[in-house]
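Here's the structure, in structure tokens; my notes come after.
The values are calculated or read from the model by the stated rules, or taken from the named source; none is laboratory data. It should be emphasised that the depicted structure is a prediction, and the values quoted were computed from it without experimental measurement. Every residue, glycine among them, receives a Cβ derived from its backbone with ideal geometry; neighbour counts consider all protein chains shown. Each accessible area value is taken on the protein alone, full model and side chains, heavy atoms only, with ligands, DNA and RNA left out. Shrake-Rupley method; radii C 1.70, N 1.55, O 1.52, S 1.80 Å.
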Amino acid sequence: MDFTIRSMAAQDKDSVLEMMRIFYASPAVLSNGSEEIFLNDIENCVNDSPYLEGFIFEENGEIYGYGMIAKSFSTEFGKMCIWIEDLYIKEEYRGLGIGKAILDFITNEYKGCIFRLEAEEENERALALYKKCGFTVLPYIEMKK
């Protein structure tokens, strides 16, 4: 499958917002998010935030999905850390190699970094993809406040 990965732009807002609503209402994500959070995320992706970057996956103007990465530094690994925050592919385009191509794109774009992501155990298809792309499960609990 031939498609383009490009930076998210302001004109993608409505399409990304629609996909985020679907993604965050699915069992693939633990939290449900909110309109305020979704809009803030999109705004940061399109306004040169040093912490968040957004991508659109498309072919001939047809959007297949989107992704967002967050940038930080990991003292645990001693290098820059790229968190793959969102990776959403529309249902009709899943299983066509898009997910692997996107992960390859991100890891090639940020060579030398550590890459992290979260996944729900029930999301077996995503887990299989992540393992195929070289991700391994970390043996500890992540916490938040």
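When all protein chains stay in place and ligands, DNA and RNA are ignored, the 1.4 Å accessible-area order of Met80, Met68, largest first, is Met80, Met68.
Can you compute the helix-only [θ] at 222 nm over the chain? Use -39500 (n - 2.57) per DSSP H run of at least 4 residues, normalise by all residues, nearest 500 deg cm²/dmol.
The helix-only estimate for the chain comes to -9500 deg cm²/dmol at 222 nm.
Simple rule: put +1 on each Lys or Arg Cβ and -1 on each Asp or Glu Cβ in the stretch 2-64, find the dipole, and look at Ala28, Asn47, Val16; the Cα lying farthest toward the positive end is Ala28.
Taken per residue, the accessible surface of the chain reaches 63 Å², heavy atoms only and a 1.4 Å probe.
Compute the Cα gyration tensor for the stretch 87-145, then decide on rounded, prolate or oblate, letting a ≥ b ≥ c be the square roots of its eigenvalues: rounded whenever a/c is under 1.5, prolate when a/b is larger than b/c in the other cases, and oblate in all that remain. Oblate, since a/c reaches 1.5 and b/c is not below a/b. For the chain, the carbon plus sulfur part of the accessible surface works out to 50%, probe radius 1.4 Å.
Matching the structure-derived Rg and Dmax of the Cα atoms in Å against the labelled list (i) 14.6, 45; (ii) 14.8, 43; (iii) 19.1, 63 gives the label (ii).
Using +1 on the beta carbon of Lys and Arg, -1 on that of Asp and Glu, and nothing else charged, what's the dipole of the chain about the Cα centre, debye to 20?
Numbers: 15 positive and 26 negative charges, 130 e Å.
That gives the chain a dipole magnitude of about 620 debye.
Nearest 20 debye, what's the magnitude of the dipole of the stretch 102-145 about its Cα centre given +1 on Lys and Arg Cβ and -1 on Asp and Glu Cβ? Computed about the Cα centre, the dipole is about 200 debye.
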